[in-house]
Amino acid sequence: MSFDRSIKIAPSILSADFANFGQEIQAIEAEGCDWVHVDVMDGHFVPNLTFGPPLVKAIRPHIKTVMDVHLMISPVDQYLEAYAEAGADVITSHLEAGPHIHRTLQATRALGAKAGLALNPATRAEEAEYLLDMVDLICVMTVNPGFGGQKFIHSQIDKVKKLRAMIGDRPIHIEIDGGITPETAPLMAAAGADVLVAGSAVFKGGSVQNPAPYGENIRAIRAAATAAQ
Ligand code: DX5
Ligand code: ZN
């Protein structure tokens, strides 16, 4: 994975057909997505429950781009190795998921994955200050984690601006997760984000049999964000 700040669209397979992940992934990649975002939920840190390591490992061969694994689980440390072995390129853990995020990030890099730090909407940007030299990505949640299809939280624009200033020249991606559409994407691109996760806004109107809308949706988000960057 090389580093750059161009806009990257990362569809969340939380909005895909759960009976057909392989073909859904092939369809979004053929339609031009940059990364594939995999939302792991434990029914404890967040109310919803999704994918364990065997599922993530099973879909890995279908992903030719970047497998971006977002762990919404607590505790997290004892599962890092399984998700790294499943083939995650990026493993993102929540600052709020345990008392030792510093250790979690260290362990993630030691496993050979890029280390991501996710911040819930109520968490201050400053919490990331002493972690900047050990992260490859900061994920700003623009909804409460747990479900797709929620409304974008506008207060997070200011947080992204603060993080962008704190990051300076460091090779750290700013990823936005939740409620991204062609309307909200430019707000975040202008504030300094480069990775845009989108579930419902990418998958709406399309299917494996009719994947063209995936491409239209991806291009609409990318065009709006790139123009604002
Ligand atoms: C929410 C997840 C998101 C979600 C985004 O907890 O982390 O990745 O799938 O879905 P949309 O784009 O529909 O808000
Ligand atoms: Zn996510």
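Total residues in region 109-136 satisfying the condition of being in a loop (DSSP other than H, G, I, E, B) and either modelled with pLDDT under 95 or under 15 Å from PRO171 (Cβ atoms) (or both): the figure is 2. Note on region 183-213: residues that are away from ligand 1 (no atom under 12 Å from the Cβ), closer than 20 Å to GLY148 by Cβ and within 18 Å of the chain's Cα centre (by Cα) total 3. Answer yes or no as to whether VAL140 is within 14 Å of ligand 2 (Cβ to nearest atom) and assigned to a strand (DSSP E or B). For VAL140, the condition - within 14 Å of ligand 2 (Cβ to nearest atom) and assigned to a strand (DSSP E or B) - is met.
The values are calculated or read from the model by the stated rules, or taken from the named source; none is laboratory data. What you see is a predicted model; the values in this text were computed from it and never measured. Every residue, glycine among them, receives a Cβ derived from its backbone with ideal geometry; neighbour counts consider all protein chains shown.
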